[in-house]
1. Between the alpha-carbon centers of region 331-351 and region 53-125, tell me the distance in whole angstrom.
2. Sort out the exposed loop GluC sites (Glu not before Pro) in the chain (DSSP loop, at most 14 other Cβ within 10 Å) and tell me the longest stretch that has none.
3. Would you tally the net charge around R389, using a Cβ to Cβ cut-off of less than 12 Å, leaving R389 out, and scoring K and R as +1, D and E as -1?
4. Could you work out, for region 249-370, what percent of all Cα-Cα pairs fall into each 10 Å distance bin, beginning at 0 Å and stopping at the bin that holds the largest distance?
5. Which percent of the accessible heavy-atom area of the chain goes to carbon and sulfur, probe 1.4 angstrom?
6. Could you provide, to the nearest whole Å², the per residue accessible area of the chain with probe 1.4 Å?
7. Show the residues, 5+ positions off or on another chain, whose built amide H is closer than 5 Å to the amide H of G298.
8. Give the relative contact order (percent, whole number) for the chain; include only Cα pairs under 8 Å separated by 6+ residues.
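The values are calculated or read from the model by the stated rules, or taken from the named source; none is laboratory data. The model shown is predicted, which means the values in this text are computed figures rather than measured ones. Here Cβ is always computed from backbone atoms with ideal geometry, including for glycine, and neighbour counts include all displayed protein chains. Note: areas computed on protein heavy atoms with side chains; ligands, DNA, RNA excluded. Shrake-Rupley method; radii C 1.70, N 1.55, O 1.52, S 1.80 Å.
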Amino acid sequence: VSTDVADTIEGLMPQLIEIFAGSDDVVQFEPVAEDDIDKAEQETDYINHVFMQQNPGFIVLYSMIKDALLSKVGVCKVWWEKKEKEERETYYDQPDEALALILSKPGVEVVEHSEKDDPNAPPMQEGMEDQSRPKLHDVTIVCKTEYECARIEPVPPEEFGISRRAKCVKDATYCFHEPAGTTEADLIEQGFDPAQVRALPTYEGMGSEESDSRDTVDEGTESGGDESLNTSLRPIRVTEHYIRMDYEDDDKPSLYRVTTGGETGEILKRDDEPAVERIDMIPFAAMTPIIVTHRFTGRSIADLVMDIQRIKTALLRALLDNAYLSNLPRPEIDASHAGDTTLDDLLVWRPGAPIRTKSPGGLVWQQVPNISGNVLPAIEYQDMTREWRTGVTRQGQGIDAEALSNQSATAVQK
């Protein structure tokens, strides 16, 4: 199979990534007036820090762009995350003053604590009580802190769906996200009713064509593990629905997020209330490489190259078949020259093996026509057509030929 689709997309990726991630600033805010200059600089620094440092900005860009080139639309999800972080710390042989300082931190909870006499302390004088003797402490604490941050992650194309009438994410009346790999522990941590979550069936995960194509190391192969041993990590099907509806029955449709679980779409509960939350915006951003006007889904680079890949595949297979036939041509044997062992010799293909006939000249090898003179120009034409359609030329791919040549030792050291 010819690899034109993969070659074209991989040839485009370095150029596109350099545009978005080749500089220090992925995004830049422009000031409107003179007094906005400092604010714009601070906003630029902050957003770039959040995107590239607090989030895997490079992977987000790479995944979103590559999904768009291959699958028509690249999607990423943006939301404000609030969670409680727990850090477990253990200290040994701490004096009284250090222990007091450790416990003075906000949100500290003592899990384990033991004390012993300080062997380096001076001996006790007569009349002193044992409580006044210096102590050393072994203590284990848990620090709980509230953490909030803007989060962004790429969404696989098979996990996202949108209304067919939608022209953009912002104005869509319905879309959904079905995150893969959600476990029972994840849902309980998000605050959903533990009893309801534990009653949901395990998601078997019917693989899609797109997800299976990315499985290059048999990740989808059944592991054979017993889910009863660790039920907290069993996968559960969860779907987040974003829909505009008149939920409050006041003739004012608003945007809501409805979270369902299981194969039947049971609405999950949080604090004994259905997980139907009013929100301000749909938390997705999407891009398409070739815009089709008035449509959400455009065309991909794969759409432009797929027919060329099929044509080149047929041409290459024909060329290989021609080479195979040239190496193993069919013989023509005159019946009057064929002996009792002639057919047996022809059925055994060994290099240099003799073929016995009654008389010389009775065996003639058929000449297979060489079609490479016609096939290779056709393949070259298809390559030129691909370059015209996509703009990805063979001269523009790879590292610059002069980038690593004619360099002095001083330049290399710099």
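1. Region 331-351 and region 53-125 have Cα centres separated by 80 Å.
2. With a cap of 14 other Cβ atoms within 10 Å, the longest stretch comes to 264-401.
3. -3
4. 9, 17, 14, 12, 10, 9, 10, 10, 7, 3, 0
5. Here it works out to 52 percent.
6. Details: 28190 Å² over 414 residues.
Result: 68 Å² of accessible area for each residue.
7. Long-range HN contacts for G298: V292.
8. 17 percent
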